[in-house]
Amino acid sequence: MKHIKVKFVDVGRDFVPEENLCYRILTKHYEVELSDSPDYVISKGVGYGALRYEDSIRIAYVGENIVPDFNHYDYAIGFDRISFGDRYLRMPLYAFYREYQKLENRVAPDAKELLNRGFCSFVVSNSALADPLRTSFFHKLSKYRKVDSGGRYLNNVGGPVPDKLEFCRKYKFNIAFENSVSPGYVTEKVMQPLTWFSMPIYYGDPFVEDEFSAQSMVRVQDADDVDRAIEEIIRLDKNDDEYLARVTAPCLARPYGSYE
C-alpha cells in the first residue's frame, strides 16, 4: 500500500480519526499516517485551519449546507450540484452511512408488523438554526394524532431516546425536515427512516426525488403545502393498502455505490 500523511483540521475537540468515515475509507486503500507535516489536509470546509498548510493538498469534505471555496481548497466533496472538473465530487453525506448501503436490498416485515405501529416520530435535539416550518408542522400534525418526539427538543416521551433508528422503526411515519433548504442538500434525515420502512415526511432539497422515490415519502414543498401534505398523511394512515404499497416500494431513484 502507498504511504500517505494526513491531517484533519476544523473537526472539533472530540474528533476520533478511527470513527471518521474519510479516515476509514482511506485506510482501505493506503497506509495512513496522521501527521503535522501532511501530504493531504482534510477539512470540514468551515474555519481556516487548512490554510496553514500551504504545501499540502487541501481537501474539503463538506457535511453542512455550504458551498466549498475552491480558492482555499484544491478538491472538495459536498452536496451541491455543481461542476468543477475533477476537483469536485458530489457525494451527499447520507451515501456514506452504513444504513444507506442496505436500502437497495431491504426486506420488508410482514404487513401486520408494519401497520401495528405508532403513528409518527420526530427526533430533533437542536432547533436553534433550523427552519421554523419544522416546529409548526409538528404542532399542526399533532392536532390529528399525537406525534412522539424522542429528541431533546419538544420531547414528550419521557426523555431523549438512546437510538434514533430503533425509535423510528416503531412508527409508520417520521418527520424528516432538513435544517435548511437548498438544491442538492440531502442529509441522512430522509434516508434513516427508510431503513426501517418508516415513511419520511420530507422538507428540503426540491430535487430530492432525483435520488429517493416520490412514492416512498410524503413531500412538503413549502409553507403553503402543509395542509395538502397533512391530508395525504391522514389518507395514508387510514388506507392500509395504499400505505403498504408505498412504504414497501423501492425507495432509491438514483443509488450511489458503496464507498466503504
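The charge dipole of the range 103-161, taken about the Cα centre with unit charges on the Cβ atoms of Lys, Arg (+1) and Asp, Glu (-1), comes to about 260 debye, rounded to the nearest 20. Were the residues from ASN156 through ASP227 laid out at 0.36 nm apart, the gain over their Cα-Cα distance would be 23.2 nm. Divided by 2.2 N^0.38 Å, where N counts the residues, the Cα radius of gyration of the range 98-167 comes to 1.30.
Which of the GluC sites (Glu not before Pro) found in the range 1-59 are in a DSSP loop and have at most 16 neighbouring Cβ atoms, other than their own, within 10 Å? When the GluC sites (Glu not before Pro) of the range 1-59 are filtered for loop state and at most 16 Cβ neighbours within 10 Å, GLU54 remain. Would you mind finding the longest exposed-site-free stretch of the chain, with exposed trypsin sites (Lys or Arg not before Pro) meaning DSSP loop and at most 10 other Cβ atoms within 10 Å? Longest stretch, sites excluded: 144-260. Projecting each Cα onto the charge dipole of the chain (Lys/Arg +1, Asp/Glu -1 at the beta carbon, about the Cα centre), which of PHE79, ASN116, PRO250 comes out farthest on the positive side? About the Cα centre, the residue reaching furthest to the positive side is ASN116. The ellipsoid that matches the Cα gyration tensor of the range 15-57 has semi-axes, each √(5λ) in whole angstrom, of 19, 13, 8, with the longest given first. By the equivalent-ellipsoid construction on the alpha carbon gyration tensor, the range 152-254 comes out with semi-axes of 20, 18, 15 Å, ordered largest to smallest. For the range 142-194, the Kirkwood estimate of the hydrodynamic radius, built from every pair of different alpha carbons, is 12.5 Å. Global dimensions of the range 71-199 from alpha-carbon coordinates: Rg and Dmax equal 17.0, 55 Å. Segment PHE15..LEU89, full-extension length gain: 24.3 nm, with 0.36 nm per residue of separation and the alpha-carbon distance subtracted. Its alpha carbons give the range 13-152 an Rg and a Dmax of 20.3, 60 Å.
Along the charge dipole of the range 116-217, which of THR195, PRO162, SER180 sits closest to the positive end, that is, farthest toward it, with unit charges on the beta carbon of Lys, Arg, Asp and Glu (+1, +1, -1, -1)? Comparing the listed Cα positions along the dipole, PRO162 ranks first. A helix-only calculation puts the chain at -6000 deg cm²/dmol for mean residue ellipticity at 222 nm, using -39500 (n - 2.57) for each DSSP H run of at least four residues, averaged over all residues. Restriction of the chymotrypsin sites (Phe, Trp or Tyr not before Pro) in the range 161-233 to DSSP coil positions whose beta-carbon has at most 12 other beta-carbons within 10 angstrom yields PHE207.
The dipole here belongs to the chain: it is taken about the Cα centre, uses +1 on the Cβ of Lys and Arg and -1 on the Cβ of Asp and Glu, and is about 680 debye. Net charge in the neighbourhood of LEU114 (other residues with Cβ under 14 Å of its Cβ; Lys, Arg +1, Asp, Glu -1) is +1. Rounded to the nearest 20, the size of the Cβ-charge dipole of the range 42-153 about its Cα centre is 720 debye, with Lys and Arg at +1 and Asp and Glu at -1. Distance from a point 7 Å along Cα→Cβ of LEU51 to each backbone N in the range 62-98: keep the residues under 17 Å and list them by number. Output list for this probe position: 67-75. Which far-off residues, 5 or more places away or on another chain, put their amide H under 5 Å from the one on TYR61, with H placed in the peptide plane? Amide H neighbours of TYR61, under 5 Å, 5+ apart: SER43, LYS44, GLY45, ILE77. Taking only alpha carbon atoms, the chain gives an Rg to Rh ratio of 1.01, where Rh is the Kirkwood radius.
FYI, it's all coordinate maths here, none of it is from the lab. Quick caveat, the model's predicted, so the values are computed rather than measured. All Cβ positions, glycine included, derive from the backbone under ideal geometry; neighbour counts span all protein chains shown.
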